[in-house]
Structure formats: C-alpha cells, structure tokens
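To start, the structure under review is shown below, and the notes come after it.
The values are calculated or read from the model by the stated rules, or taken from the named source; none is laboratory data. Remember, predicted model here, so these are calculated numbers, not experimental data. We place every Cβ from the backbone using ideal geometry, glycine too, and count neighbours over all the protein chains shown. Only protein heavy atoms, including side chains, enter the accessible area calculation; ligands, DNA and RNA are left aside. Shrake-Rupley method; radii C 1.70, N 1.55, O 1.52, S 1.80 Å.
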Amino acid sequence: MSGEVKEHVRRRYAAAARAVRASGCCGAEPPGIGGELYSAGDRKGLPAQAVQASLGCGVPTAMVDIVPGETVLDLGSGGGLDVLLSAKRVGPNGRVYGLDMTDEMLALARENQARAGATNVEFLKGDIEAIPLPDATVDVIISNCVINLAADKDKVFREAFRVLKPGGRFAVSDMAFQGDLSLLPERLRQSTEAWCECVSGALEERDYLARLRAAGFVDASLEVTQVYAGTTEQSCCEPAGATASCCESVLPSGVRLVSGFIRGRKPGDGRFSVREATPADLPAVRRLLSETGLADGKFEVQFGPKFAVATATDGRVIGVAGVEVHGDDGLLRSVATDAAWRGRGVGDALTRDRLAWARGRGLRSVWLLTTTAQDYFPRFGFARADRSAAPPELQRSEEFAGACPATATAMRAQL
Ligand SMILES: C[S@@+](CC[C@H](N)C(=O)[O-])C[C@H]1O[C@@H](n2cnc3c(N)ncnc32)[C@H](O)[C@@H]1O
C-alpha cells in the first residue's frame, strides 16, 4: 500500500478541490461533508468555498486553546478552513501555516485566503512526513482527518514533535479503529479506495496513542466524537469506480470506526514545573489570584495539598489550581496563570495535574463554575452541566452558594 498510496490520495483530493472550484461556490451552497460540523459562528465571515471544501471529521480548532501571537501549523490543510479559523485566533501578531501536498488544494486554499483577506497565513507545499519548517517553531499543531491517509504515521508524529516548541500542543481530529484489527476483512485493508476515503489507513486507538508516546509526546489521549457504524460499506463503494466486491467489505462486530480528538503535548523544556502547594506558597498565590481577579479570600480555607502551583526555574510561583473536596466530588477552582506565562501550557499542566489528583483520591466527578472559560475546559473532559444537578454538598460550597455569579456556567468532568 505505502508506495502507491500517496499518489492515489493526491489524485483523490486534487479531484475534490477541482470539484469545489468548478462549482463556482456561492453563499447558498451547502457545506462540504466536514463543513456541517462547524458552528454558524465559525462559518460566519469565512469564504463559503472554504466551508464547502471542508473534508474533515471534526473541528480541531474547537479543542485547543489558540491564543494571540501563537504559531499554528495545520497538517493537510485542504481548502484552508481550519487555517483561516486559527488565523482569527492568533491575530495579527501570530502566524498560521497550512501544509498540503496537493497543488489543486493549495490553489483553492490560497483563493480562500485572498477572499478572507488573511495576511497572517501561509500555505506551504509539502509532505506531512517531512514538514518544511525548522525545529521548535510551532506552538500548536492541528490537523483534520489527514494523518490516517499518511503512509508512514511514525514519520508524521516524529516530524510534528520536531517542529513543536517545548510545551507545544498536538490537537488533531482523525479517524481511528477500536477493537481487534485482525478481524478486518483483507479486502478492506487492501482497498486503496477505502484508504483514500479515510477508512483503511486508520490506526487502532491504543496503537495511535502508543505511537504518539514513542515519538516523545506526553498526555496523549483520544476522545471519541463520532462512531461510524454501518457507513464503512458505503464509503468503500465511493467514489464511483470502486469495485463491487469492495462493497462486501463491512466491519465485523468487534471493530468500530470512530473519529475523535487526539491530543498530546511536547514536554516543556523545564522552564516550569508543577508541584503540590505548601503553606509557604500562600502569599504568592494570593497575589496571583488577586492579579487575575480570582481572589475571593475563601480559597485559603482549603489551601494546602489540594492545590498545585507551577513554578519557574527560579522558584517563582507562576500558576495555581486547586480542587476542593465536597463529599465524593471535587470543585476545580482558582486556575490562574501569571500574565507573562499565558499560552505556554501552564494552565493545561495544572488542570491535568489536579484532575489526576482528584482521580487518585477516588472522587466521582469534578465540577467548576466559570464566567469566561467555557471553551477552554472541554479539552480536559468537562462538559456543561445543569447547576442544579450538582451534588448537595457541592451546592453548599462557597462558590456555588454565592461567591460565583448566578450566571456562571457549571461544568462537570466525570472521572
Ligand atoms: C480529507 S482531506 C482534509 C482536508 C482538510 N484538513 C479539511 O479538514 O478539510 C485530506 C487533505 O490532506 C492532504 N494530504 C493527504 N496526505 C498528505 C500528505 N502526506 N502530506 C500533505 N498533505 C496530505 C490532501 O491533499 C487533502 O488536502
């Protein structure tokens, strides 16, 4: 498969790009198969042709915190939708690269860039197995339904790791299998059509994560967003030209095809570390919370090992997060990062550390209340929840009982 697959993939997506350009897309066109995954807010203000060209299986920009000034790289950028969305987030001082090997897709993406008037974007021609960027230059790697198409996934992961800065985030939507891949019919495994349709090149979930770890990534995880039950037969038969015998290839029970959010992080360069808080940290934490507008004075009652601090190499406290324990559940609170350290993974590291601590304590769930960070916490498994569904002991906590405004959004992560 590996020798010929790239050319088949290139031809498949060149045809897709030509089809979008030939359609002379207008605003009334329905979105492409990936476009409908995006919210109306995301689509608004972006060229309809970019939305129509979307062939993704998720929304990677929804799963990662991209902040102004950062450098983002989209592997297999296609018509450029995720690049243009990221460009809005990084702002004029940031930069977004879209990398694609297919000339027709690059032409379409550049047209979309011109339509959007995005000046902080550059589309590069190249292979995601040999990324044409220097080492340690990228803050965030995104990708949407592309890595499954690569012939040598390990090369992709090694290259992604190489170009990321220390602490950089890998946040992609991709296809994966769950279950025993040896059960897959040989015909499906060998089908070039099924490979080009993002099916037979998909890795098994645990294998995916193991390969990421082998490339050096930490905190590797996969969150299923969609299960494609019963659609494999269909996608085998498309586009027209696939053999009828291919249609006999269906997924056996015991194997599921899913798409998901796959995350990982390049370890930091030791510029900050996370540890349990001690009473000696209290003055620094008080100052940090006051600077970030989160000081309510009440956190001090529970301050101690339920809190973690991030410290720079000189020992200075640059971040804090705590989990209050109320019965069998926790309340994540006081997640704050020194302004000079934002966008460098400190909040992520602290939040993950506290969730791991809560899991280790055997807590059932962790809740939080937020007025500003509803889009930040889902990456850690938090989802919006009805405030009234919180356990009674949590409802009686200071934050629920009044320290946080009634308009704050409640979120819960099941552990
Ligand atoms: C399924 S489409 C997804 C496009 C885009 N990410 C989106 O969400 O619409 C796959 C894209 O990846 C590109 N691609 C596939 N394999 C590649 C490789 N090895 N190197 C660079 N680009 C690749 C194709 O040209 C195509 O544009």
Once phi is turned into ³J(HN,Hα) by the Karplus curve 6.51 cos²θ - 1.76 cosθ + 1.60 with θ = phi - 60°, what whole-Hz value does each residue of region 152-169 show in order, with x for glycine and proline? 10, 5, 4, 5, 4, 5, 5, 5, 4, 4, 4, 7, 6, 6, x, x, x, 10
For helix 81-90, report the angle its Cα long axis makes with the longest principal axis of the Cα atoms of the chain; keep it between 0 and 90° and round to the nearest 10°. 30
Over the residues of region 2-265, compute the C-alpha Rg and express it relative to 2.2 N^0.38 Å. 0.95
Report the normalised scattering of region 1-159 as log10 I(q)/I(0) at q = 0.13 Å⁻¹, calculated by the Debye formula with identical scatterers on the alpha carbons. -0.55
Report the Rg/Rh value for region 347-390, based on alpha-carbon coordinates and the Kirkwood definition of Rh. 0.96
Can you tell me what the convex hull of the Cα atoms of region 272-414 projects to on average, as an area in nm²? 7.7
Extreme residue, positive dipole direction of the chain, given options Gln374, Gly402, Ala385 (C-beta unit charges): Gly402
Determine the share of the chain's accessible area contributed by carbon and sulfur atoms, expressed in whole percent, with a 1.4 angstrom probe. 51
Under 23 Å between C-alpha atoms, the lysine pairs in the chain lying 8 or more places apart or on different chains count 15
Under a no-solvent Debye model with one identical scatterer per Cα of region 261-320, what's log10 I(q)/I(0) at q = 0.16, 0.28 Å⁻¹? -0.56, -1.17
Per residue, accessible area of region 272-414 with a 1.4 Å probe, heavy atoms of protein chains only, in Å², comes to 45
So how strong a dipole does region 105-238 carry about its Cα centre when Lys and Arg Cβ are +1 and Asp and Glu Cβ are -1, to the nearest 20 debye? 420
With the Cα gyration tensor of region 104-153 in hand, convert its eigenvalues to equivalent ellipsoid semi-axes via √(5λ) and list them largest first in whole Å. 22, 15, 10
Within region 285-415, percent of DSSP bridges classed antiparallel, to nearest 5: 85
What residue among Ser143, Ser200, Ser388 shows peak mean-square fluctuation when the chain is described by a Gaussian network model with Cα springs under 10 Å? Ser388
Karplus couplings for region 130-136 from phi (6.51 cos²θ - 1.76 cosθ + 1.60, θ = phi - 60°), rounded to Hz, Gly and Pro as x? 8, 5, x, 9, x, 4, 6
Using only Cα atoms and rounding to the nearest 10 degrees, what angle (0 to 90) does helix 2-22 make with the longest principal axis of the chain? 90
With Cα coordinates, the longest principal axis of the chain makes an angle with the long axis of helix 103-116, in degrees rounded to 10, of 50
So how strong a dipole does the chain carry about its Cα centre when Lys and Arg Cβ are +1 and Asp and Glu Cβ are -1, to the nearest 20 debye? 760
Would you mind checking which residues have amide H under 5 Å from Thr225's amide H? H placed 1.01 Å from N; only 5 or more apart, or other chain. Ser259, Gly260, Phe261
